Structure formats: structure tokens, C-alpha cells
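Quick notes on the structure that follows.
The values are calculated or read from the model by the stated rules, or taken from the named source; none is laboratory data. Just so it is clear, the structure is predicted and the values come from calculations on it, not from any experiment. Positions of Cβ are backbone-derived with ideal geometry, glycine not excepted, and every protein chain shown enters the neighbour counts. Protein only, heavy atoms only, side chains kept; ligands, DNA and RNA dropped before computing areas. Shrake-Rupley method; radii C 1.70, N 1.55, O 1.52, S 1.80 Å.
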Amino acid sequence: MTVVDTSTSTAHAMTLLVFQLGLIVVFAKILGHVFQRFRQPRVLGELAAGMIIGPYALGGLQFGIFDGPLFPNLGGQLPVSVELYGFTVVASIILLFLAGLETDVKTFLRFSVVGAVVGVGGVVGSFALGVASAVLFLPGVDSVLHPAALFLGTLSTATSVGVTARILSDKGKMSSPEGVTILAAAVLDDVLGIIILAVVVGVVRVRIGGGAIEWAGIAAIAARAFGFWIGTTIVGLVIAPYLTRGLKAFRSVEVIAGTSFGIALLLAGLAETAGLAMIIGAYVAGLSLSGTDVAHEIRERLHGLYEFMVPIFFCVMGMMVDFSAIGGVFVFGLIFSLSAIVGKYLGCGIPSLFCGFNVRGAFRVGSGMLPRGEVTLIIAGIGLSAGVIGRDLFGVAVLTLLVATIVAPPLLVKSFDGGPGYRKKDTGKPQLPPARIVLSFPSYPTADLVRSRITNAFRAEEFFVNRVDRDNAIYQMRKDTIVATCEQAGSDVIVTTDPAHERYIRLILSEEVVALKDLFDGLEKTQRDAIGGDLLGGIFDE
């Protein structure tokens, strides 16, 4: 009988994991920052880091630290270890939990017709073209119900508006008809994409199990997915205020944030047990808590965890790109990328033409919905781990993300060079540009403090404040028909809104600035009384 020293093998596995995580964090952070300096999304740098140090590149070489490579190719569907892949699963839950926290349920329920139509059109158009391209051009896929076709169609629906939000802010178009429509449609786009993923997961599991798929069965799977989402969301929205009220008894924001994330993990596991995807449960948990008064505090407390885990997720996703496998489907990858782009343009642009936009405006809306992001990789990772798609099609997903994210910014920037994109009835008055209020401060920390106070002031006025770009301090504030954006650019805080609402927005800003000036005056007086001198240097002096 052979005795295996499990303590030694476990210690070796954990030591290897620590080395892997250390290298991943260093490379992902550095390359993410480099890409951001060149005005490219940080996610592209993190993906590139994984491709460079992964098992199919430098990570597969022997450097003498261990008996084998630092990132050995373990074969099978996942080339990385189960321990390392477990980090990506938790990271995906964090991503969708925070996405749910940033969703305005009231705004979602009261969507304008144009936002709903554009969101639905984008999902339907991109899904249809994604499935069609797989059936027509991918060998071995002979049916629209083929698992690979369904997953590729679902991949096409994903949208990431972080890049779009940054461009809209730079152009001063966040509160324009196109900007509001894109951000509104993106919320519905995400929800529908997650529901489609749940349906696809259910259909694929039936196919893999050898069962026959019928339309009645598909309807049942869709009903179960939609029912799980609606049911858990309704229950969550009802009990969330009572839950947070009970957690407040601990008088610790850390307890509230930690417990909330724990609930997200539990709901993610429940969704997986119910035959759906984990990210659905995580999204529902965040959505349920989004309307509570502690949602902002939860986001702030989990931001550090997000900053640590999410680069690991993107880097590990990059590691799964097998360059040799992509070679055989590279042409199909380009075709699929093109179909994903065309699907968004047609699905979002054509409905926009019937909702008040002209051709220029419809092109802007379609361009704003092009970028792909984390949801694309999450869906691809689910398909890869389940054996539904191989490493070749996973590479196609990454290629699509890269192409769409690189192509979208210049197209969107160029589209705003022309005139207005929204057709309005002639009222005899010229269309006014968005009002832009700039508050300048002597330093970045001061501007950061004021920006935080301003967003909290809007929350106190019952605005829903949504951070639309995690890499930059860009916020959208919505209350009924009033929409404003707040951006911190260095030592400036810039608030943009419709001219019709400028007076109301200025009133909120004025009250907050006066409150801050009183605060600083009080601190100056306290310091002079205690030790003398000038503490604040006349921050608010003209």
C-alpha cells in the first residue's frame, strides 16, 4: 500500500497558486495601466497579459522554479488549475453583483419606449446574426439549436458601455438623446442577455443529456429562467429593506457589505442548482439591494475586492486563448466579429429610426452599443468549462471582444462630428446644447471630496446615481425626466444636464458648495483657535 503525503502535495499546489496569482496581478495591473494610458480599455491590457504569460505562451516554458512550467497546460477543457479557475468564478459573481447594484429598478420599469425598443432590437438582431453565422460558416453546426450556435448567439448579445460612457463624457454628449438612449438600452440589454443565457444553458444541458428539444420544452426553459429571475427579484426587492434594516443594527458598514456579498454567493449557488448560471443569482442579489439606502456603501466597500479580483478574471480568460486552435477558425472569427457588429447596428439602429432619430443618430446609437466586455467572457467561460465550446470558439469570443472594443471608439467619436441626430418637431426655437457646469478646485483630492459630496447630495434629492464607468469617475443621475451626469476630470468636477433642468441642478450644487464652505470655515476656525495658522488655504476663495 502506497502512502501519499497529502500535506506535501497540498503545500506544493498552494505555493504554485500563490506564485501564479502574484504574477497575474503584477502583469494585469501593469499592462492594464499601459493600455489605459494609450486611451484603450483597461480590459484589453489585462487580456493581453493573460495571453502573454498563459500556458500557451511564456507560462508554458520551464524556468526552473518548479518541476514544471509555472502555468502548466493541464489539458481538457480548462488549461488552468481548478483552484485558479475558482478565482474567476468568484470574480464573475462580483462583476454581476455590482452590475445589479448599479441598476435602477424604477428607471428600468419606467423605461422610455425608445430605450426598450433599442435594447430589445439589439439583443434580437445580434443573437439572430450570431446564430446564423455559426450555422452558415462553422463546420459541424447544422442547426440553430446546436449548442455551439446558441452560445455564439448569446455571446453576440453582450454589451459593455463603459468605453461608450467615457467617449460620451469627453464629447459632452452624456445627456444627449443618443447618450441617454444608449445608457437606458444597455440596462435592458444586460437583463435580456442574462435571461437568454439561462435559456441557452437549459437547452444545452438537455441536448448534452441526450434529450430531444421541442419548442414546448424551450418555452418551459424560458419560463423557468424568467420565472426564477422575476420570482427571486420580487422576493429580494420585498425583503431587501427589512434585511438591510436588520443589518444596520450591527452599526457596521463592513458587516452590511460582507453579508450582502455572502447572500450574492448563496443566490449564485442556488441559481446553479436550479439549472441556471451562477451569474444570474449574483445579478438578482445586486438588483434586489440596488434600491436600498446602503447600496452605495456596499459598492464602495466592495470596490477594493473588485479591483483585485476582476483583473485576475480577465487575465485568466486571456490565458485560455489557444493560438494554435484559433488558427483553424480565424476566418470564421472575423466573420463572426463582423456579424456581431452588424447585428448591433441593425438591431439598435433600425428601431432608432422609428423612435425619433435620423440616420446619423441611429448610427451613433448602434456605435455606442458595439463594445463587448466582461459578460462576453463570462458566457464564453461557462461554455468552455461545460464542454459546449472548445478552445477554438473561446478564442473566437476573445477575438470578437477585441475587434468590437477597438473598432467602436473611433466610429463613435467620428459619428458626433455632424449635426443633431434626433428629429424634433419645429417649435420655432433652436435646439440648445447641453448645459455644462464646471467647478474647478486647486487639487485632485479636493475635487474628489466635492464630487463625492455632490453625488451624495443628488441621492438625498431622490436621484438614482449610477457609476457608468468604473475606470473613471463618471456618474449618471436620474430622477423622473431629469438626467444629469457628473464627471471628475483631474481637479475639475463637471456636471452636464439639459438646459431645461439647469436651474434645478445649479440649486443642488449651490447648496452643497455652501455646506462645504461652512464646513471648511468651521475647520479653519477650530484650527486657528487651537494652534493658529491657515489650514485650508482658501479653497473656496475666488
* Only one of GLN527, GLN431 that is part of a loop (DSSP other than H, G, I, E, B) and at pLDDT below 85 -> GLN431
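Which of the residues that make up region 388-402 are open to solvent by less than 40 Å² (accessible area, probe 1.4 Å) and either farther than 25 Å from ALA149 by Cα or of a type outside the set (Phe, Trp, Tyr) (or both)? Working first, answer last.
Pass one, region 388-402, residues open to solvent by less than 40 Å² (accessible area, probe 1.4 Å): 388-390, 393-401.
Within region 388-402, VAL388, ILE389, GLY390, LEU393, GLY395, VAL396, ALA397, VAL398, LEU399, THR400, LEU401 meet the criteria.
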* Structure fact -> The residue that is nearest to the chain's Cα centre (by Cα), considering only those in region 336-383 that are surrounded by 24 or more Cβ atoms within 10 Å (Cβ to Cβ) and not in a helix (DSSP H, G or I), is ARG372
* To do: Please verify whether region 294-313 includes one or more residues that are charged (D, E, K, R), closer than 18 Å to LEU377 by Cβ and over 16 Å from the mean Cα position of the chain (by Cα).
  => no
* Regarding ALA223, is this residue assigned to a helix (DSSP H, G or I), open to solvent by less than 10 Å² (accessible area, probe 1.4 Å) and either basic (Lys, Arg) or farther than 29 Å from GLY45 by Cβ (or both)? -> no
* To do: Only residues that are open to solvent by less than 50 Å² (accessible area, probe 1.4 Å), at pLDDT below 85 and assigned to a helix (DSSP H, G or I): list them for region 251-281, please.
  => VAL253, ALA271, ILE279, ILE280, GLY281
* Asked: Out of all the residues in region 435-449, is one or more within 24 Å of the chain's Cα centre (by Cα) and either small (Gly, Ala, Ser) or open to solvent by less than 70 Å² (accessible area, probe 1.4 Å) (or both)?
  -> yes
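Table: residues versus (1) modelled with pLDDT under 80; (2) of a type in the set (Phe, Trp, Tyr); (3) crowded, with 24+ Cβ neighbours inside 10 Å; (4) not in a loop (DSSP other than H, G, I, E, B).
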{"residue": "VAL117", "(1), (2), (3), (4)": "no, no, no, yes"}
{"residue": "SER126", "(1), (2), (3), (4)": "no, no, yes, yes"}
{"residue": "SER133", "(1), (2), (3), (4)": "no, no, yes, yes"}
{"residue": "THR154", "(1), (2), (3), (4)": "no, no, yes, yes"}
{"residue": "GLY172", "(1), (2), (3), (4)": "yes, no, no, no"}
{"residue": "VAL180", "(1), (2), (3), (4)": "yes, no, no, yes"}
* Structure fact -> When region 474-493 is checked residue by residue, the ones that are of a type in the set (A, V, I, L, M) and in contact (Cβ under 8 Å) with a residue 60 or more places away in the chain are ILE474, VAL483, ALA484
